[in-house]
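Let me begin by presenting the structure, written as structure tokens, before commenting on it.
The values are calculated or read from the model by the stated rules, or taken from the named source; none is laboratory data. None of the values given here were measured: they were computed from a predicted structure. All Cβ positions, even for glycine, are placed from backbone atoms using ideal geometry, and neighbour counts span all protein chains on display. Remember, those area values only see protein heavy atoms, side chains included, never the ligands or the DNA or RNA. Shrake-Rupley method; radii C 1.70, N 1.55, O 1.52, S 1.80 Å.
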2 protein chains.
Amino acid sequence: MALRYAILGLLLDRPSSGYDLTGRFEDVIGAYAWDAKHSQIYPELRRLDLEGLVEVVDRGARGRVTYRCTKEGLAALRAWLMAAPASTGGVKNEHALRLFLLPALEPDDALEVLRQTEAGAVAQVEHLEAEFAALQERTGSASGGPLGITAQFGILSFRATAQWARWARDHVGGEVVLGGDVEARGDGDPGGDGDPADIANAGRSADPGSTAG
Amino acid sequence: MALRYAILGLLLDRPSSGYDLTGRFEDVIGAYAWDAKHSQIYPELRRLDLEGLVEVVDRGARGRVTYRCTKEGLAALRAWLMAAPASTGGVKNEHALRLFLLPALEPDDALEVLRQTEAGAVAQVEHLEAEFAALQERTGSASGGPLGITAQFGILSFRATAQWARWARDHVGGEVVLGGDVEARGDGDPGGDGDPADIANAGRSADPGSTAG
DNA sequence: CATCCCATGTAATATGTTACATGATTAC
DNA sequence: GTAATCATGTAACATATTACATGGGATG
């Protein structure tokens, strides 16, 4: 049920065709929130249309059909947002999973992946910052409007990833022990030092919520 | 194909039964990396066993079967980690999606959800910090060993979420305009001020990667 | 000896991906 | 006029969730 609400949300910002939406999933929210392919988007748009949650506002060249979110669609979206439990369940993030699995690699390989991770996260930050700047211009608002607020979430998330990757570089290492026996287990102390909590707390001294508003 | 590697990764840390793994998905990585239910885990374990990537190390009471990752399993995991593109594609994060959709709510409701978001993220941070402390004790290592490094990723991610939620509180608002017409669009300037980049940069002055190592 | 939790299994359904497929328009 | 890209559609397959189902062992 999440896909339809992702679509409604994108349409709220701007009427779009299935083709447009496919691109917007790829460019914006696909990287950190929800991804979808055109083969899922087109049928869902037709269903939403039948249910009156979206409506056709334009039929252009090449069979292009532009949809807009109706007020019923907005109501449905709001109902879902308020009703669904604010659980973190159902996460499927292959990127994060790979980071989770990283200690299984030998140190050299792990370091290489960490380097790529950091570079990728930095690239995402730059991409989203460009999106954000474009949104500021388009909306004439410093916060970039609704999508700008969202883009900031992506930016902060990827920054956290980059930050973690830098920290993790100093802590990978040690032997992988296959979980050892059922009761007796090797520990493989990687000889890490430095308290990670220091890093985790680093961003808090200048509280953004109270200073930037 | 991601599920099997998540399982192999968990087994690397410690031999487990399907039941154990179900709990570990819920408790640890399910919140930010990968989630799975027992109905998926049990069949996958049997498949992994047939392929020799895991092996049975114990059969306990009530039909309990404990598996361990074999060296073939470790090799397969490593191959996957090194081979798969380090893409960010295929994310399915309902939590993040909900944040993305938040601007569709009226300000009061959005603020309420943001409050819950922040509280939830803080709770996750505390939960993971407890996990981390337990890992430090269990591994006798300051970095908490492989799983500790992972836990830090979760901690930093959820901290970023909490940070964002505080910042976003000051920027939600304005009318939702259903995307306006196809060409003429309302803008709904939310009157935000303060540059979000300030917040995004907040954690960087004390570079964790260089000071903590 | 009943009740609760441990521990696994499976069937039905829903969701998502890959691959295949078609035609229209634009740019050259 | 032909190549590239826009734009949609669908079938086959893979993955994931929900619900139903069973029985063992511990606790009182």
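What a 1.4 Å probe finds exposed on segment A:94-178 is 50% carbon and sulfur by accessible area, rounded to a whole percent.
How many percent of the alpha carbon pairs in segment A:94-178 exceed a separation of 22 Å? Result: 39 percent of Cα pairs exceed 22 Å.
Accessible surface computed residue by residue for segment A:94-178, with neighbouring protein chains in place and a 1.4 Å probe, gives 35 Å² per residue. Between A:Arg59 and B:Lys71, the modelled label-to-label distance comes to 6.7 nm, taking each label 7 Å out from Cα in the direction of the beta carbon. Relative to the other identical copies, B:Val56 shows label-point distances of 5.9 nm, where the label point lies 7 Å from Cα along the Cβ direction and values run shortest first.
Using a cutoff of 8 angstrom between alpha carbon atoms and counting only pairs six or more residues apart, the relative contact order for segment A:94-178 works out to 42 percent. Between B:Ser17 and B:Tyr67, the built amide H atoms are under 5 Å apart, and every one of these is 5 or more places off in sequence or on another chain. For A:Lys37, a cut-off of 27 angstrom between C-alpha atoms picks up these lysines, skipping any fewer than 8 places away in its own chain: A:Lys71, A:Lys92, B:Lys37, B:Lys92.
If R0 is taken as 45 Å, the Cβ-Cβ distance between B:Glu51 and A:Arg46 corresponds to a FRET efficiency of 0.65. Using a 1.4 Å probe on the protein heavy atoms, what percent of the accessible area of segment B:2-83 belongs to carbon and sulfur? Carbon-and-sulfur percentage of accessible area, whole number: 50. What does the convex hull of the alpha-carbon atoms of segment B:2-83 project to on average, in nm²? Convex hull of Cα atoms, orientation-averaged projection: 5.2 nm².
Take B:Gly90, move 7 Å from Cα toward the beta carbon, and the resulting point lies 1.9 nm from the same point in each other copy, nearest first. A point 7 Å from Cα along Cα→Cβ stands in for B:Pro107, and the other copies hold the same point at 5.6 nm, listed in rising order.
The value obtained for segment B:36-136, namely the Cα convex hull volume divided by the number of residues, is 196 Å³ per residue. Applying 1/(1 + (r/R0)^6) with R0 = 30 Å to the Cβ-Cβ distance of B:Tyr19 and B:Ala79 gives a FRET efficiency near 0.60. Would you mind giving the total buried accessible surface between chains A and B, with a 1.4 Å probe and ligands, DNA and RNA left out, rounded to the nearest 100 Å²? Buried area between the two chains comes out at roughly 10100 Å².
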